[in-house]
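Here is the structure we will look at, set down as structure tokens.
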Amino acid sequence: MKKEGGISAGFSKLLLREVVPELFALGHEACGRLEPWRRKLLVWLDEIEGEALTRLARAGSGRLRRVTLCGTILRSVFSVQSEERTGFSVAQALFDVVRGLVREDLSPAFYAELISLFKGVGGIDVESHAVINDDHGGNQLISGREAAVLRSRQLDAIERRVGRFMAQYDDGLNQEAIARRRLRRERLKKYFGADESHWQDWRWQLANIVQDAETLTRLVTLRPEEAAAVRRARRHRLPFGVTPYYLSLMDDEVEGSRRDAAIRAQVLPPPEYVEGVVDSRLEQGDLSGLDFMREEDTSPIDLITRRYPSICIFKPFNTCPQICVYCQRNWEIEDAMAPDALAAPEKIEAALNWITEHPAIREVLITGGDPLAMNDEQFESIVTRVAAVPTVERIRIGTRTPITMPMRISNRLADFLGSVRRPGKLEVAVVTHAEHAYELTPEVVAAVDRLKRRGIGVYNQLVYTFFVSRRFEAVFLRRRLRQVGIDPYYTFNTKGKEETSGYRVPIARLLQEQSEEARLAPGIERTDEAVYNVPGQGKSYIRSLRHRYMIGLDANGSRIYEFFPWEEGIVRVAPEPYVARDVPLLEYLERLAAIGETVADYQSIWYYF
């Protein structure tokens, strides 16, 4: 749908004609046939790229790379192969436009992509649009200590600029946040009739999970649309739940502040999500259609998922204390703390036997659901059985409880996990999921410290959603995670699930974040790998074009990527590449502008592919 206002308003056929008038001249010479015009288009593309490279020969390698990369991408999207793979012809769309035909399907985001690409290949507007604008050049004529002092000043200027970005983000460990949440906690305890000993008992937290809109609205101020979405979700039996502890992290005010936006987005389903899930259930009778990662295709036996040679996922417990809206497995979780979530003993036994019978499995990720929502006896029994498999070298516990219910990391639990590890033989690690620095609290610090003191490594998987994607927001999180004792592990591009489209961020934004923001942090703070989850295949690294390539463009401005299977080059016949449609960049920038972000700070996003 074409928007009438905002930053989309200027992107149109008129602006395209203004930027590349030669393109429209080509259309008049082609006599109404696409293929001759396509050939002329590609020849002209070579010419303008060559001219730009000659003109910018002394402009620096970064500018030259942009010219050649834009040329390569344009040739790809104009190709016949692109049309066959994507089902949409960019060449035909352009051919129609330059001949004056009406194409109502072409959005401002489509024009915005093409305009940026033509500017890039033509050497127009090839400045970096750097978010850090301090001059790092001009010292080529000096050397030694003088050059070092100048360079140090420049680096100080960069860090000051980075600091100004990060200063706008709230931190759950600052004294104001601690005091604010102390008051919230006291009000919640009063509502539940609880004292501090209750609050610090993880079993009490589980027993008092909030699962309905009526209770929720008494405990936290909700926008009308938030309350309505929760009501409709529950009416249609969608899984929902929030621990009292996590409710204490939400702010009382909701207008004029985005301080707790990432926290609310974790658990409060937006209306479009509810609509999508409800429609899927009504159409199919269940939620199996939401199995985006095709786990059923990679499950050789109940409770086991295997996508890689030496690791498997073991899912003995199919529920969580609270449900993340964009959860990969929301389709198979009945509800928060569903009473029948623990798998039948015979299924657990069969899964353990399967692990024993497959000595290639050296690492077992125990997840679910959240395995730490089991009671101590159940959890200890399962972990002990896995640890007894002689070929297992590492046990990972996938759990969000350090963030949503940190009191679960009791001394008993920490002592048990510490007793399981055998230095030099069996490693035990906890992988959690913190989205924002505002989730980090003194309770989280204490929980992590209990694990670290027993030799248990703690790692974080960040899902890069819209709500944590502002400039240097993830950098700030990684910095604070390291101070808490949590190692950044993965940064996931949000899965391409239709029902969670409001959470998705363009791949280009994550590439931009990795290159322009994460790169400025010390190496030990940026140990996470940026990945895209390919259905049925697993994680695809997005650090280079070797792992994925932009092959096309949709009428709505979505970039279309081809992700190559990780097995390529390893096995003789690898799976087919996966074709994915991304979030339109212009749509993403519009959303940033709507929350008060300066879009100019993100302009280089157009040149990350």
Hey, residue 237 hits all of (1) of a type in the set (D, E, K, R); (2) in a helix (DSSP H, G or I); (3) more than 22 Å from residue 465 (Cβ to Cβ); (4) in contact (Cβ under 8 Å) with a residue 40 or more places away in the chain but one; which does it fall short on?
(2)
What number of residues within segment 398-411 are surrounded by fewer than 24 Cβ atoms within 10 Å (Cβ to Cβ) and among the hydrophobic types (A, V, I, L, M, F, W, C)?
1
So which residues in segment 399-427 are out of contact with any strand residue (DSSP E or B) (no Cβ under 9 Å at 6 or more places or on another chain) and either acidic (Asp, Glu) or part of a helix (DSSP H, G or I) (or both)?
406, 407, 408, 411, 412, 413, 414, 415, 416, 419
Give the residues of segment 382-398 that are small (Gly, Ala, Ser) and part of a loop (DSSP other than H, G, I, E, B), sorted by residue number.
388
From 489, 459, 464, residue being surrounded by 22 or more Cβ atoms within 10 Å (Cβ to Cβ), aromatic (Phe, Trp, Tyr) and in contact with a Ser or Thr (Cβ under 9 Å, 6 or more places away or on another chain)
464
Residue satisfying condition, being closer than 23 Å to residue 370 by Cβ, of a type in the set (D, E, K, R), surrounded by 12 or more Cβ atoms within 10 Å (Cβ to Cβ) and touching an Asp or Glu at 6+ places or on another chain (Cβ under 6 Å), within set 212, 201, 251, 260
260
If we keep just the residues of segment 69-114 that are aromatic (Phe, Trp, Tyr) and closer than 15 Å to residue 13 by Cα, which is nearest to the chain's Cα centre (by Cα)?
110
Would you check if residue 294 is at negative phi and of a type in the set (D, E, K, R)?
no
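Among the residues of segment 428-445, is there at least one that is in a strand (DSSP E or B), free of Cβ contacts under 8 Å to residues at least 60 places away in the same chain and farther than 14 Å from residue 395 by Cβ?
Yes, some residue in segment 428-445 is in a strand (DSSP E or B), free of Cβ contacts under 8 Å to residues at least 60 places away in the same chain and farther than 14 Å from residue 395 by Cβ.
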Restricting the first residue to segment 164-178 and requiring it to be among the aromatic types (Phe, Trp, Tyr), which pairs with a second residue that is surrounded by 13 or more Cβ atoms within 10 Å (Cβ to Cβ) and modelled with pLDDT of 95 or more meet a Cβ separation below 7 Å and a spacing of at least six or different chains?
165/471; 165/472; 169/437; 169/473; 169/476
Can you tell me which residues in segment 73-117 are surrounded by 19 or more Cβ atoms within 10 Å (Cβ to Cβ), over 19 Å from residue 583 (Cα atoms) and among the β-branched types (Val, Ile, Thr)?
97, 98
Out of (1) assigned to a loop (DSSP other than H, G, I, E, B); (2) without any contact (Cβ under 8 Å) to a residue 24 or more places away in the chain; (3) of a type outside the set (Asp, Glu), the odd one out for residue 353 is which?
(1)
Could you list all residues from segment 364-389 that are within 18 Å of residue 308 (Cα to Cα) and either surrounded by fewer than 16 Cβ atoms within 10 Å (Cβ to Cβ) or in contact (Cβ under 8 Å) with a residue 60 or more places away in the chain (or both)?
365
I want to confirm something. Restricting to segment 590-609 and keeping residues that are in a loop (DSSP other than H, G, I, E, B) and hydroxyl-bearing (Ser, Thr, Tyr), which single residue is surrounded by the fewest Cβ atoms within 10 Å (Cβ to Cβ)?
598
For the structure I just gave you, tell me whether residue 335 is within 20 Å of residue 433 (Cα to Cα), in contact with a strand residue (DSSP E or B) (Cβ under 8 Å, 6 or more places away or on another chain) and either of a type in the set (Asp, Glu) or in the same structural domain as residue 239 (by TED's automatic domain parsing) (or both).
no
Per the filter on segment 312-332, residues in contact with a Leu (Cβ under 7 Å, 6 or more places away or on another chain) and under 27 Å from residue 505 (Cβ atoms) are 313, 321, 330, 331
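The rows are residues; the columns are (1) in contact with a Gly (Cβ under 6 Å, 6 or more places away or on another chain); (2) closer than 25 Å to residue 168 by Cα; (3) at pLDDT 95 or above; (4) not aromatic (Phe, Trp, Tyr).
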residue: 223; (1), (2), (3), (4): no, yes, no, yes
residue: 231; (1), (2), (3), (4): no, no, yes, yes
residue: 234; (1), (2), (3), (4): no, no, no, yes
residue: 244; (1), (2), (3), (4): no, no, yes, yes
residue: 248; (1), (2), (3), (4): no, yes, yes, yes
residue: 257; (1), (2), (3), (4): no, yes, no, yes
residue: 269; (1), (2), (3), (4): no, no, no, yes
Which of the residues spanning segment 508-548 are buried (at least 20 other Cβ atoms within 10 Å of the Cβ) and aromatic (Phe, Trp, Tyr)?
532
Residue set 523, 457; condition of a type in the set (Gly, Ala, Ser), free of Cβ contacts under 8 Å to residues at least 40 places away in the same chain, over 15 Å from residue 581 (Cβ atoms) and touching a Leu at 6+ places or on another chain (Cβ under 9 Å); output residue 457
Long-range neighbours under 7 Å by Cβ, at least six apart or interchain, first residue within 13 Å of residue 373 (Cα to Cα) within segment 321-344, second charged (D, E, K, R) and buried (at least 18 other Cβ atoms within 10 Å of the Cβ):
321/370
Does residue 360 qualify as being more than 30 Å from residue 233 (Cα to Cα), in a loop (DSSP other than H, G, I, E, B) and small (Gly, Ala, Ser)?
yes
Condition check for residue 312: of a type in the set (A, V, I, L, M, F, W, C), over 28 Å from residue 220 (Cα atoms), free of Cβ contacts under 8 Å to residues at least 60 places away in the same chain and not in a helix (DSSP H, G or I):
yes
Which residue out of 185, 151 is among the basic types (Lys, Arg), part of a helix (DSSP H, G or I), surrounded by fewer than 19 Cβ atoms within 10 Å (Cβ to Cβ) and at pLDDT 95 or above?
185
Which residue is modelled with the highest pLDDT, if the candidates are limited to segment 559-589 and must be aliphatic (A, V, I, L, M) and part of a strand (DSSP E or B)?
560
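The values are calculated or read from the model by the stated rules, or taken from the named source; none is laboratory data. Keep in mind it's a predicted model, so treat the numbers as computed, not measured. Every residue, glycine among them, receives a Cβ derived from its backbone with ideal geometry; neighbour counts consider all protein chains shown.
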